[in-house]
Amino acid sequence: MTIRLGVLVSGSGTNLQAIIDASEAGALDAEVVVVVSNHDAARGLDRARRHGIDAVYLDRSSFTSPREYNAAVRDELRSHGVDWVVMAGYMRLLGREVLDFFQNRVLNLHPAILPSFPGANGIRDAFDYGVKVTGVTVHIANENFDDGPIIAQEAVVIAEDDTLETLEAKIHAVEHRLYPAALQLIAEGRVEIVGRKVRIAPAK
């Protein structure tokens, strides 16, 4: 089954690009049908346009409240017939307007092994703390930052000679592989959410 994705971005959109590439290569049974951003200069919008994908900028200042803004995000996604919402570097907290309409169908990616090092600086926080292992998490989003049932995680070892920059490169390489892989599990109907736990059915 090919699932229809709506991707939310705030910046460069490298994970969006990885998803588009996997889809176009036939490795992901999904189609990105719309990309929505809260920044008009987000490179992710340009990436969408280059692939013929609808790119939509919603100006937060044009709305009277976060609820009104989130309702506009929801309506844009709904108008494109989106099955799943994918946050790919989207730096705003989604409201109930989106989360309730797409219940258990909103994905987020975090550059650490949750519940460790949540927040906007997960890579730096892990590096500064001195842990030997960090990683990447794909999870169902809820009304809290970096919370929700976990679909996939992959560890990344922090080597003694790693710098913050080399660690970031290692994390991003895993992100670009793990996010499409998690979406493929969903496309194959293998993901079942039971409370806060996710069950992954074996491949048929």
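None of Val32, Val86, Val56, Val36 is buried (at least 23 other Cβ atoms within 10 Å of the Cβ), of a type in the set (Val, Ile, Thr) and in contact with a Ser or Thr (Cβ under 9 Å, 6 or more places away or on another chain) except Val32. Looking only at region 113-135, decide whether some residue is in contact with a strand residue (DSSP E or B) (Cβ under 6 Å, 6 or more places away or on another chain), part of a strand (DSSP E or B), at pLDDT 95 or above and within 20 Å of Val85 (Cα to Cα). No, region 113-135 contains no residue that is in contact with a strand residue (DSSP E or B) (Cβ under 6 Å, 6 or more places away or on another chain), part of a strand (DSSP E or B), at pLDDT 95 or above and within 20 Å of Val85 (Cα to Cα). Taking each residue of region 111-127 that is surrounded by 17 or more Cβ atoms within 10 Å (Cβ to Cβ) and looking for partners that are among the acidic types (Asp, Glu) with beta-carbon atoms closer than 6 Å, six or more apart or interchain, yields Leu114/Asp146; Phe117/Asp125; Ile123/Glu168. Restricted to region 140-204, the set of strands (runs of 3 or more DSSP E) holding at least 2 residues that are small (Gly, Ala, Ser) and at pLDDT 95 or above comprises 150-157. Assess whether Thr134 counts as being over 30 Å from Pro66 (Cα atoms) and surrounded by fewer than 12 Cβ atoms within 10 Å (Cβ to Cβ). No: the conditions fail for Thr134. Against the list (1) under 30 Å from Asp100 (Cβ atoms); (2) surrounded by 15 or more Cβ atoms within 10 Å (Cβ to Cβ); (3) in contact with a helix residue (DSSP H, G or I) (Cβ under 8 Å, 6 or more places away or on another chain), the condition Glu143 fails is (2).
The values are calculated or read from the model by the stated rules, or taken from the named source; none is laboratory data. Quick caveat: nothing in here was measured; it's all calculated off a predicted structure. With ideal geometry, Cβ positions are generated from the backbone for all residues, glycine too; neighbour counts draw on all protein chains shown.
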